Amino acid sequence: MRDSVADAGPVAQDRSPGTLRRRETAFSSALVAPALIIVAGIYLYPAVFTLILAFAEFDMAALEIGRWVGFKNFTDLFANPGFVDAIWRTIYFGLLIAIGSTLAGFLIALLLNQEFYGRTLLRVVVVLPWAVPPVVAGVLWGQMFHADVGFVNALLFRLGLIDSYRIWFGDGRTALHIIALAEIWKAIPFMVLFILAGLQGLPPQLHEAAAVDGATPLQRFRYIVFPLMLPVLIPLMLIQFVWAMKAFDTIFVLTRGGPAGQTTTLNYFVYLEAFQNFDLGRASAAAYSLLVVTLAVVLVVTVLRRLATRRRVPA
Amino acid sequence: MTGRRGRQIAWSVFLHLSALVVFLLMAFPLYGLLLTSLQPESVIRSRELSFIPESLYFEHFHAVLAEGHIVPLREGLFNSALVSTLTAVLCLVVALPAAYALSRLRVPGAKGILAALVSVYFLPTTIFLIPMFVVLVRWGIDDTVFSLVIAYSGFVLPFVIWILKTFIDRLPREVEEAARIDGCSHWQVLIRIVLPMARPGVLAAFIFAFILSWVEFLTPLIFTSNLKMTTVALGMFRSTIDIQVGQQAAAAVLTLLPVALLMLVFQRLITQVLMAGADR
């Protein structure tokens, strides 16, 4: 597929190269322009505007920038323990979802890569949560963990694992993990599809050769499948991390960031500052802090991965 | 010999058991939601664990779809269908020429453009929503279908361009080249040749655009306050305010249904198109 792009020269090129090329460039630019204008108007301009706002105080009545405050928004934020807690919570929450969904997705993909009765059905069922809008996922898991009518309480009580019905969302720590669970459940289909495609792209000869050499299935997994799949798994994991940073709907529906702000991630914090407190300046500063945190974690993971491969190569 | 056979049986049992566990974990939450939506409140509230309903009860659906219900689901379904369709159409009209140009023609800064489009998905949505909110309020068009279509198009367009571009990349060039030699303009090639060949990609892109718009929650939450302007995803959340559990489940099922149907009907197409994109 890729080499077809390489010999891409337009056909008419050789008639009179200069003019035709220029005409083609003009034409292609015209085709791309409307899309670029929309994207620039809805993305670029707002993104820059938010960056500017981060250093200002916004006047909500006049709907314009009130005055410049330098780094005050940032210093205010970092002086707020709630915000600093939210940063760590957000990183934990993101890593939980990234690692959880990668692990679950990998295991399910390995399973679906085997032959067994009902595999086609399972494949369809595994993809189902993909079709669930995030709000609905929130409502659904909220009902599962509902204190009175929830299935989880009923089941655990019946099994004798709890002696009274628990209010799951009453405890911030538990609530955060339930939100992560809902997010992981929703992320699994995407992960399974892409990891499965990766598994099916592995050359089958490798397995056969290893089997001939007497490698046990576990060894084959440890020394062949796992290392070969890492270049697929790590980017997928990072994608999930970035998406988890944007989680909003499930938090809003399940806990509204509570109790006592214990499920407030940075993204939710930005929402509260902007659209509950209407402090757009501070919200913008928080939004850019979120972006920096996201990029920092992605960078750290990428660097760690580089270091790990470099160490393995000479050995 | 028996040892080996035994191991095979054990492996097979293990596989099937794992499959069952995965099946339950992935499907049960959805089944539970559907079940709840079809049971009377008294059964839901009773602390009995019952997984197979004795009878089906459709009152919750009637109730939430009735006019003037506290969950504005009627308006929501209508508005969402309208906004999602408009967004999908707008995005396709703008994205198809752009995708064709990026795939086949010399576009100055093409690499940068593609990178910028992808980077959009790494930035927190709130970064865009804050100024957009200000602008929309200033123009006095918050709380309108129009404001939602604009915002959604920004989110959806990069994705649609990306899908269409990867699809067009995979089409054979020969036909287009032959048409060029026969004297067709690039525009004619796009309309008469690329568009018909790219139909599955266009369909997939449309479905994606529709779904992404349908499920969007934060944007309408911020941009609309009038109940008449609510979208289905937003109306849904109002169901978390003190209504019957069964009605809440029914509202959730109705929100989910159009998306689930699209995904089920077009599952093969969607996976193929998405996987094609993942190759690069």
Compare A:E183, B:E174, B:E67, A:E57 by solvent-accessible area with a 1.4 Å probe and give them largest first, with all protein chains kept in place.
B:E67, B:E174, A:E57, A:E183
Percent relative contact order for chain A, counting Cα pairs under 8 Å at least six residues apart, stands at 26 percent
Karplus-derived HN-Hα couplings along region A:113-118 (A = 6.51, B = -1.76, C = 1.60, θ = phi - 60°), whole Hz, x at Gly and Pro:
7, 9, 8, 7, 6, x
Taking 0.36 nm per residue of separation and subtracting the Cα-Cα distance, what length does fully extending B:F122 through B:I181 add?
17.0 nm
For region B:2-62, just say rounded, prolate or oblate: build the C-alpha gyration tensor, square-root its eigenvalues into a ≥ b ≥ c, call rounded for a/c under 1.5, and beyond that prolate if a/b exceeds b/c, oblate if not.
prolate
Please list, in order, the residues from region A:78-111 whose amide nitrogen is less than 11 Å from a point placed 7 Å along the Cα→Cβ vector of A:V292.
A:78
Is the shape of chain B best called rounded, prolate or oblate, per the rule: a/c under 1.5 gives rounded, else a/b larger than b/c gives prolate, else oblate, with a ≥ b ≥ c the square roots of the Cα gyration tensor eigenvalues?
oblate
Averaged across B:11-18, how many Cβ atoms of other chains sit within 10 Å of each residue's Cβ atom?
3
Express the relative contact order of chain B as a whole percentage, based on alpha carbon pairs under 8 Å and six or more residues apart in sequence.
32 percent
Which one of B:V232, B:V265, B:S84 is farthest out on the positive end of the charge dipole of chain B, using unit charges on Cβ (Lys, Arg +1; Asp, Glu -1) and the Cα centre as origin?
B:V265
Charge-dipole axis of the protein assembly as shown as Lys and Arg at +1 and Asp and Glu at -1 on Cβ define it, positive-most pick from A:V149, B:G246, A:L295:
A:L295
Report the label-to-label distance for B:L269 and A:H207 in nanometres (one decimal), using points 7 Å from each Cα along the Cα→Cβ vector.
3.2 nm
Cβ-based charge dipole, the protein assembly as shown, positive-most Cα from B:I222, B:I181, B:P131
B:I181
Per-residue HN-Hα couplings for region A:84-96 [Karplus 6.51, -1.76, 1.60; θ = phi - 60°; Hz; x = Gly/Pro]
4, 4, 4, 4, 5, 4, 5, 5, 4, 4, x, 5, 4
Efficiency of FRET between A:L299 and B:V93 - r from beta-carbon atoms, R0 35 angstrom, step 0.05:
0.40
Can you give the helix-only mean residue ellipticity at 222 nm for the protein assembly as shown, where every DSSP H stretch with n ≥ 4 adds -39500 (n - 2.57) and the sum goes over all residues, rounded to the nearest 500 deg cm²/dmol?
-23000 deg cm²/dmol
Where the centroid of each part is defined by its Cα atoms, how far is region B:105-157 from region B:183-200 in Å?
28 Å
Could you give each residue of region A:75-80 its phi-based ³J(HN,Hα) in whole Hz, using Karplus coefficients 6.51, -1.76, 1.60 with θ = phi - 60°, and x for Gly or Pro?
5, 4, 4, 6, 7, 8
Calculated FRET efficiency, B:L49 and A:R173, Cβ-Cβ r, R0 22 Å, to nearest 0.05?
0.25
Solvent exposure, largest accessible area first (probe 1.4 Å, DNA, RNA and ligands not counted), of A:M229, A:M144
A:M144, A:M229
Checking the a/c ratio against 1.5 first, then a/b against b/c, what shape does the Cα gyration tensor give for region A:72-312?
oblate
So, with +1 on the Cβ of K and R and -1 on the Cβ of D and E, and no other charges, what is the size of the charge dipole of the protein assembly as shown about its Cα centre, to the nearest 20 debye?
1840 debye
Heavy atoms only, 1.4 Å probe, whole protein assembly: order A:T216, A:T174 by accessible area, highest first.
A:T216, A:T174
Counting only chymotrypsin sites (Phe, Trp or Tyr not before Pro) that are in a DSSP loop and have at most 16 other C-beta atoms within 10 Å, tell me the longest site-free stretch of chain A.
A:118-277
Computed accessible area, B:I141, all protein chains, 1.4 angstrom probe, square angstrom
40 Å²
Mind checking the full-extension length gain between A:L121 and A:A61? Use 0.36 nm per residue of separation minus the Cα-Cα distance, one decimal, nm.
15.9 nm
Amide H neighbours of A:G66 under 5 Å, counting only residues 5+ apart in sequence or on other chains, H built in-plane at 1.01 Å?
A:E57, A:F58, A:D59
Provide the FRET efficiency to the nearest 0.05 for the B:L25-A:T19 pair, computing r from the beta carbons and using R0 = 45 Å.
0.10
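The values are calculated or read from the model by the stated rules, or taken from the named source; none is laboratory data. A quick note: this is a predicted structure, and the numbers were derived from the prediction, not measured. A quick note on method: Cβ atoms are made from the backbone with ideal geometry, for glycine too, and the neighbour counts reach across all protein chains shown. Heavy atoms of the whole protein, side chains included, go into the accessibility calculation; ligands, DNA and RNA do not. Shrake-Rupley method; radii C 1.70, N 1.55, O 1.52, S 1.80 Å.
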